[in-house]
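Since the structure comes first, as structure tokens, the remarks are kept for the end.
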Amino acid sequence: MEPILLIVIIAVAVLVIGGGAFVALRGRGRDLELERRDGDVALDTRPEAGGTVLEAPPIDTAVVEAPPIDTAVVEAPPIDTAVVEAPPIDTAVVEAPPVEEPIVRPSFFERLGKARSAFTGYLGGLVGLSKISEDDWEELEEALIQADVGVATSMSLIEDVRAEASEAGAEDGAAIMGLLKAKMHQELEGKDRSLTLDDGETNVWLFVGVNGVGKTTTIGKVGKRLAMEGHQPLMAAGDTFRAAAAEQLTMWAERAGVEIVRGSEGGDPSAVIFDGVAAAAARGCDVVLADTAGRLHNKANLMEELAKVRRVAAKEPGHVSEVLLVLDATTGQNGMSQAKVFTEAVDVTGVVLTKLDGSAKGGIVFAIESELGLPVKLVGLGEKVGDLVDFEPTEFVDALFE
């Protein structure tokens, strides 16, 4: 018999025998399932199967009643709903004391470095000479003119120094410089540089000068200074023509903590000054700081109007105790022509020289005092409030030479 045929016969036999066994087992399982369903027991208790019936013990079905629940409502203690008011909060605003700007007086030596450099530059070459020649004297005179001392004043100074040098037998440059320094000290001595405040009067200080010299700023600094000294100043915004002039002065008044009177833009400046004087008298202020328009000194009609302002300021209860001409030190000799015209119009009593720290030509001080006879009362050595200081002639001259 072929091997392949023999394998087929064996496979068929296995399938037939396995299938019969599977059918027999499945039938037996079906019979056991039916028996469990009929008796609802886990054991076969049939007699023919030799089983024993086991009876389950009776179940006690007595109902045990639960103890009654105490349903009495226990009331909670009443809640105290009274509103406890919080103590009132103190909402008063406590204003911090104003912070005072520390006033530190600047030194002339520190602030006049520019003028000193220019002045010693003109004169430095003469110091080391053993003998001053005629040409050297002319050069010395020219140096003073370049420093804006002025032609007339420079010639007068050199003439006096040469006479003293001849009398003392001084010939070398160092000795001549010493004599010049002493003469310049002498030139600035003996003038009243105080600012006048008459007791029992409503003093008026008029500030005059051309545009751009710093009048409004000067008034603000003077007002702050007076307030710190215990005075009660009032500012009057008499410059009604320059845009924002009144606003600028108002800002300074607030910084200084002083009162201000102002009028409408383009209004009559004399009326503003008059109202300022009246307000100061009513409020017990001892000085009115009056701003005026920065007028061009070559306009005759405007100078006449300024003269009118002065007359109105002097009417009762006003008392004009100062007319201060504000000059820019950097303008040099041009400031001299301004000073002459203003002096003729309003009787100037003193000069405030601003921006002296920025000028290389500090000699204008000698020209003002020598040729006009006007004392320089205040000078500006910087932009801070404390930089507007009393003019100290000794410090000024020393600062130029040292």
### Query
Does Lys221 satisfy being assigned to a helix (DSSP H, G or I) and of a type outside the set (A, V, I, L, M)?
yes
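What number of residues in segment 368-388 are charged (D, E, K, R) and either under 25 Å from Glu142 (Cβ atoms) or not in a loop (DSSP other than H, G, I, E, B) (or both)? Before the answer, list the steps.
Initially, segment 368-388 is screened for residues charged (D, E, K, R), giving 369, 371, 377, 383-384, 387.
Checking which are either under 25 Å from Glu142 (Cβ atoms) or not in a loop (DSSP other than H, G, I, E, B) (or both) leaves us with 369, 371, 377, 387.
Of the residues in segment 368-388, 4 are charged (D, E, K, R) and either under 25 Å from Glu142 (Cβ atoms) or not in a loop (DSSP other than H, G, I, E, B) (or both).
Taking segment 115-137 as the region of interest, how many residues are surrounded by fewer than 16 Cβ atoms within 10 Å (Cβ to Cβ), under 14 Å from Gly362 (Cα atoms) and at pLDDT 85 or above? Full working, then the answer.
Restricting attention to segment 115-137, the residues satisfying the condition of being surrounded by fewer than 16 Cβ atoms within 10 Å (Cβ to Cβ) are 117, 121, 124-125, 127-131, 133-136.
Still in the running and under 14 Å from Gly362 (Cα atoms): 117, 121.
Filter once more, keeping what is at pLDDT 85 or above: 117.
Adding up the residues that qualify gives 1.
Of all residues in segment 358-386, which are among the hydroxyl-bearing types (Ser, Thr, Tyr) and either more than 26 Å from Gly223 (Cβ to Cβ) or assigned by TED's automatic domain parsing to the domain that holds Ala329 (or both)?
Taking segment 358-386 and keeping what is among the hydroxyl-bearing types (Ser, Thr, Tyr), we get 359, 370.
Passing the criteria: only Ser370.
Would you confirm whether or not segment 365-378 contains a residue that is among the β-branched types (Val, Ile, Thr), crowded, with 21+ Cβ neighbours inside 10 Å, farther than 25 Å from Asp286 by Cα and modelled with pLDDT under 95? Walk me through it before giving the result.
Going residue by residue through segment 365-378, those that are among the β-branched types (Val, Ile, Thr) are 365, 368, 376.
Those still in the list that are crowded, with 21+ Cβ neighbours inside 10 Å too: 365, 368, 376.
Adding the requirement that they be farther than 25 Å from Asp286 by Cα leaves 365, 368.
Subset that is modelled with pLDDT under 95: 365, 368.
Taking every residue of segment 365-378 in turn, at least one turns out to be among the β-branched types (Val, Ile, Thr), crowded, with 21+ Cβ neighbours inside 10 Å, farther than 25 Å from Asp286 by Cα and modelled with pLDDT under 95.
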### Residue among Asp198, Asp192 that is part of a loop (DSSP other than H, G, I, E, B), touching a strand residue (DSSP E or B) at 6+ places or on another chain (Cβ under 7 Å) and closer than 30 Å to Ala290 by Cβ
Asp198
### Task
Only one of these is touching a residue at least 60 places away in the same chain (Cβ under 8 Å) and either under 15 Å from Glu187 (Cα atoms) or in a helix (DSSP H, G or I) (or both): Val365, Val341, Val352. Name it.
Val365
### Query
If you go through segment 329-344 one residue at a time, how many are farther than 21 Å from Ser154 by Cα and buried (at least 22 other Cβ atoms within 10 Å of the Cβ)?
1
### Task
Go over the candidates Val352, Val348, Val323 one by one and state the one that is within 23 Å of Ser270 (Cβ to Cβ), among the hydrophobic types (A, V, I, L, M, F, W, C) and surrounded by fewer than 22 Cβ atoms within 10 Å (Cβ to Cβ).
Val348
## Note on the structure
(1) crowded, with 23+ Cβ neighbours inside 10 Å; (2) of a type in the set (D, E, K, R); (3) touching a Phe, Trp or Tyr at 6+ places or on another chain (Cβ under 6 Å) all hold for Lys181 apart from (1)
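Residues checked against (1) under 29 Å from Arg310 (Cα atoms); (2) modelled with pLDDT of 95 or more:
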{"position": "Gly173", "(1), (2)": "no, no"}
{"position": "Gly178", "(1), (2)": "no, no"}
{"position": "Glu189", "(1), (2)": "no, no"}
{"position": "Arg193", "(1), (2)": "yes, yes"}
{"position": "Leu197", "(1), (2)": "yes, yes"}
{"position": "Gly209", "(1), (2)": "yes, no"}
{"position": "Thr218", "(1), (2)": "yes, yes"}
{"position": "Glu229", "(1), (2)": "yes, no"}
### Task
Could you figure out which of (1) touching a residue at least 40 places away in the same chain (Cβ under 8 Å); (2) closer than 19 Å to Val376 by Cα isn't true of Asn203?
(2)
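The values are calculated or read from the model by the stated rules, or taken from the named source; none is laboratory data. For clarity, every value in this text was computed on a predicted model and none was experimentally measured. So basically every Cβ, Gly included, is an ideal-geometry build from the backbone, and we count neighbours across all protein chains shown.
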